[in-house]
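Scroll down for the structure; my scribbles are underneath it.
Throughout, read-outs are computed from the coordinates displayed, never taken from laboratory work. Here the structure is a predicted model, which is why all the values come from computation and not from measurement. No Cβ is skipped: glycine too gets one built from the backbone with ideal geometry, and neighbour counts run over all protein chains shown.
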Amino acid sequence: MNPLQAIALGVLQGLTEFLPVSSSGHLVLLQHLFGIKEPELLFDISLHLGTLIAVCVIFFKEIRSLLLTLLHLPAVVQSSDRLVSVYKDNEDVRMIAFIGLGSTPTAIIGILLHKKANQLFVNIWMVGVMLVITGIFLWTTRFALPEGRTPRRMNAGHALTIGLVQGMAILPGVSRSGSTISVALLLGIKRENSARYSFLLSIPAIVGALIMELNSDRMHSSVSIEALLSGTAAAAIVGFMALKILLRVIKGGHLYFFSPYCWLIGCVAIVSAAIQG
């Protein structure tokens with residue numbers, strides 16, 4: 001893989017990690033086009049690191065506030081009764097609890113399906129089918145109520161449901177952001193809160209996935225340092241811009257605009273897989 005190919009894949013990762021069209025599915029398709037038969041694990045990790053940087057930059061204030069709240073929580077909470085009171089009165093504490101709850105099913109699914117999901121990364125037909133399903137998810141947001149729940153009204157069941165859906169995004173072709181935000185909207189959570197929770201929830205998921213991959217016995221890579229750095233930088237820069245765009249799209253209630261694209265690319269992938277036999 002040369003630096004130009006790395007930049008192209010980084011740009012694609014940055015765009016599709018946040019725009020609800022499945023980064024994993026698009027990376028599989030482009031790597032297939034480049035003739036890369038087996039995923040370069042270290043390179044894939046570097047691309048996800050780039051998009052993680054973009055999330056942390058855009059949500060820096062929220063992340064800092066949550067970390068400070070978590071750091072001071074033991075000193076504030078001196079009894080179980082006090083914990084309940086803090087949970088009711090402090091939005092950051094509730095968000096921390098919801099992130100923890102949502103991350104639990106994601107982690108379980110990730111551990112159970114990790115090896116199987118990696119095998120599916122060479123299955124173009126499966127990628128196509130999952131992209132079509134992603135498009136259906138996005139289209140359903142047209143029917144989401146404009147009213148939503150505030151963070152105070154979001155409950156443990158909502159967090160677990162969204163975390164479960166995020167876990168299924170380990171399958172190539174399923175958009176993590178698209179599926180989690182769609183489900184949050186259908187649960188009645190406000191648009192801005194749906195996006196905020198989805199992307200904050202993505203941080204432990206991405207970090208956990210990176211740790212799992214770093215411990216993999218497939219860690220060797222033929223990709224040069226120049227290609228790794230180029231791909232990471234491209235993913236971070238383009239990811240930052242894509243996330244800004246997506247937040248505006250969600251605020252306007254137009255997430256379903258991406259459905260036709262997912263259906264088109266999914267059908268192209270299915271037809272391509274059928275032609276190749």
Between their Cα atoms, which of Lys88/Lys244; Lys61/Lys190; Lys116/Lys251; Lys116/Lys190 are more than 26 Å away from each other?
Lys88/Lys244; Lys116/Lys251; Lys116/Lys190
Inter-probe distance in nm under a simple model that places probes 7 Å from Cα toward Cβ, at Glu91 and Ile237
3.4 nm
Just to check I understand the Karplus step: with θ = phi - 60° and J = 6.51 cos²θ - 1.76 cosθ + 1.60, what whole-Hz values come out for segment 202-211, glycine and proline as x?
6, 4, x, 5, 5, 4, x, 5, 5, 5
Pop out the ³J(HN,Hα) list for segment 86-92 in order, Karplus 6.51 cos²θ - 1.76 cosθ + 1.60 with θ = phi - 60°, rounded to Hz; leave Gly and Pro as x.
5, 4, 6, 9, 10, 5, 5
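Run the numbers on segment 3-276 and let me know its relative contact order in percent, using alpha-carbon pairs under 8 Å that are six or more apart.
Working: 430 pairs, mean separation 107.8, N = 274.
Worked out over segment 3-276, it gives 39 percent.
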Hey, can you grab everything whose amide H is under 5 Å from the amide H of Ile189? Only 5+ residues off in sequence or another chain; H modelled, so Pro and N-termini drop out.
Arg149
Phi-based couplings in Hz for segment 133-139 (Karplus 6.51, -1.76, 1.60; Gly and Pro marked x):
5, 4, x, 5, 3, 5, 5
The simple spin-label model distance between Ser272 and Glu62, using points 7 Å out along Cα→Cβ, in nm, is 3.3 nm
